[in-house]
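Here is the structure we will look at.
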Amino acid sequence: MRYKVAVLPGDGIGPEVTAQATRVLAAAGRRFGYDFSFQEGLIGGAAYDATGHPLPEDTLSLCRESDAVLLGAVGGPRWDHLPVHLRPEAGALLPLRKALNVYANLRPARVFPALAGASTLKPEIVRGLDILVVRELTGGLYFGDKRREDIPGGQRVVETLVYTTEEIRRVARRAFELARKRRKKLTSVDKANVLESSRLWREVVTFCAGDYPDVMVNHMLVDNCAMQLVRNPKQFDVLLTENLFGDILSDQAAQLTGSLGMLPSASLGDGVGLYEPIHGSAPDIAGRQIANPIAAILSGALMLRYSFGLEEAAAAVEEAVTAVLDEGYRTPDIMEPGKTEVSTGEMGRLIAERVERNG
Ligand code: NAD
Ligand code: IPM
Ligand code: MN
C-alpha cells in the first residue's frame with residue numbers, strides 16, 4: 001500500500017522536526033510493509049520569501065491531492081511586520097486549516113513514565129496523566145470579521161466570535177466518540193457566565209450528550225479549568241473546548257508532560273487530515289538541532305492511526321518513543337541529571353531504529 005504525504009516544514013524548527021517525523025514514518029513503512037511518498041510544499045515565511053505568498057496555490061493543491069498532511073510550524077519575527085493576509089499564521093496556517101475543513105483538533109497530553117520527573121509540577125500530580133484536548137479549530141474568534149478604525153483619541157477594534165449550532169455539534173460529537181473509546185468522561189470548557197457563544201456551546205453539548213449516555217459529562221468555566229489543570233490534572237479525560245480556549249489550555253497541558261516539544265496533534269474533518277506538533281517555530285532555538293522532535297514524531301503516529309487506520313504501526317512509533325525515553329535519551333528541553341543529552345537528529349534516529357527493529 002502506498003500513501004502520499006504532503007510535508008510542509010515551514011519556519012524555524014519546523015524543518016528540523018519534520019525531517020525526524022518523516023524519518024520515523026519511513027522506518028515504520030519499512031517495518032510494516034507500507035510505502036510512504038513524501039512530497040514537500042512551501043508554507044509560512046519560507047513560502048513568502050520564495051514566492052511572495054505564505055500559502056502558494058501549489059501547496060494547497062498538493063495538500064488536497066495527498067492522503068494526509070504533515071506540518072512543522074510557521075512564523076517568526078522576520079515576518080511579523082507583514083500585512084495580516086501575508087503573515088505566516090493568518091495568511092497560511094489558518095487558511096490551510098479552513099481549506100481542509102479540519103474542524104476537530106485532537107491534542108493528546110500523555111506523561112511518558114520516564115518523564116514524570118521532567119515536569120515542573122510534582123511527579124505525583126502528573127505521573128500516569130493521559131488527557132485529550134479536543135479543540136474546535138475552524139471557528140470562533142480566529143475566523144470572525146475583524147476591523148480597526150480611527151476614533152477621536154485613538155482607535156477602535158472589533159473582533160467577532162461566531163459559532164453555529166452545527167459547528168459546535170460536529171466537534172462535540174467527535175469528542176464524545178473519542179471519550180467513548182477512553183475513560184468515558186468529557187469535560188466541556190466554556191465561559192458561559194459571560195459569553196453568549198459559550199451559552200450556545202453548553203446547550204449544544206448538553207443536547208449531544210443525550211446520544212452518549214455511557215459518557216459522563218460535566219461543564220467547567222475556562223478560568224477554573226486553567227487552575228484545575230495544574231491543581232489536579234488527572235481528574236480530566238477528554239477536554240472539549242472552542243478554538244481560543246483550546247489553544248491556551250493545550251500549551252498548558254503540554255507543560256504537564258514535561259515540554260511543549262512533546263505534544264502532537266491531529267486535525268480532522270471529513271477529508272484529508274492535518275498533523276502538526278502543537279508548538280511553534282521556536283525562533284529562540286531554531287537552526288541548532290536542539291529542538292525536541294517527539295511532538296512531530298508523535299504527530300506522525302497520529303497520522304498512521306487516524307488517516308490510514310494503521311493502529312499497529314502507530315502503536316509501534318509510540319512504543320519506540322517510550323523505549324528511547326526509558327533508555328535515558330533526552331533533548332535539552334526534557335534533560336534531567338544522569339540522562340544522556342542528544343540532538344534533534346539523534347533523537348529521531350534512535351526512535352526510527354527502534355521502530356524498525358522492534359515494530
Ligand atoms: P513556540 O511554541 O514556538 O515556543 C515557545 C517556547 O517553547 C520557546 O521557548 C521554544 O524554544 C520552546 N519550544 C517550542 N517547541 C519546542 C521543541 N520542539 N523543543 C524544545 N523547545 C520547544 O511559541 P512562540 O515562541 O510563542 O512563537 C514563535 C512563533 O511560532 C510565532 O511566530 C508564532 O506565531 C508561531 N507559532 C506557530 C505555530 C504553528 O505553526 N502551529 C504554533 C505556535 C506558534
Ligand atoms: C497553534 C498555534 C496557532 C493557533 C497560531 C500560530 C495561529 O498557536 O497551532 O496552537 O493559535 O492555532
Ligand atoms: Mn498554540
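If the requirement is being in contact with a Ser or Thr (Cβ under 9 Å, 6 or more places away or on another chain), crowded, with 20+ Cβ neighbours inside 10 Å and outside the structural domain of Leu240 (by TED's automatic domain parsing), which of these qualifies: Ala19, Ala28, Ala46, Ala114?
Ala114
Each row is one residue, and each column tells you yes or no for (1) more than 10 Å from ligand 1 (Cβ to nearest atom); (2) in a loop (DSSP other than H, G, I, E, B); (3) farther than 20 Å from Leu229 by Cβ.
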position: Ala254; (1), (2), (3): no, no, no
position: Gly258; (1), (2), (3): yes, yes, no
position: Gly261; (1), (2), (3): no, no, no
position: Pro264; (1), (2), (3): yes, yes, no
position: His279; (1), (2), (3): no, yes, no
position: Pro283; (1), (2), (3): no, yes, yes
position: Ala286; (1), (2), (3): no, yes, yes
position: Ile290; (1), (2), (3): no, yes, yes
position: Ala295; (1), (2), (3): no, no, no
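Looking at (1) in contact with a helix residue (DSSP H, G or I) (Cβ under 6 Å, 6 or more places away or on another chain); (2) outside any helix (DSSP H, G or I), which one does His81 not meet, given that it meets all the others?
With (1) in contact with a helix residue (DSSP H, G or I) (Cβ under 6 Å, 6 or more places away or on another chain); (2) outside any helix (DSSP H, G or I) applied to His81, the lone miss is (1).
Consider region 198-217. How many of its residues are of a type in the set (S, T, N, Q) and over 24 Å from the mean Cα position of the chain (by Cα)?
Final tally of qualifying residues: 1.
Which of the following residues is at pLDDT 95 or above, of a type in the set (Gly, Ala, Ser) and part of a loop (DSSP other than H, G, I, E, B): Gly75, Gly117, Gly91?
None of the other options fit; the residue is Gly75.
Based on this model, can you work out whether Val102 counts as buried (at least 21 other Cβ atoms within 10 Å of the Cβ), outside any loop (DSSP other than H, G, I, E, B) and modelled with pLDDT of 95 or more?
Considered against the rule, which asks whether it is buried (at least 21 other Cβ atoms within 10 Å of the Cβ), outside any loop (DSSP other than H, G, I, E, B) and modelled with pLDDT of 95 or more, Val102 comes out as no.
Looking at region 322-334, can you tell me whether even one residue there is in contact with a Ser or Thr (Cβ under 9 Å, 6 or more places away or on another chain), under 30 Å from Gly139 (Cβ atoms) and not in a loop (DSSP other than H, G, I, E, B)?
no
On the given criteria, is Ala109 within 16 Å of ligand 3 (Cβ to nearest atom), in a strand (DSSP E or B) and not assigned by TED's automatic domain parsing to the domain that holds Asp190?
Spelling it out, Ala109 is indeed within 16 Å of ligand 3 (Cβ to nearest atom), in a strand (DSSP E or B) and not assigned by TED's automatic domain parsing to the domain that holds Asp190.
The values are calculated or read from the model by the stated rules, or taken from the named source; none is laboratory data. Keep in mind that this is a model prediction, so the values were computed, not measured. In this analysis, Cβ positions are derived from the backbone assuming ideal geometry, glycine residues included, and neighbour counts consider all displayed protein chains.
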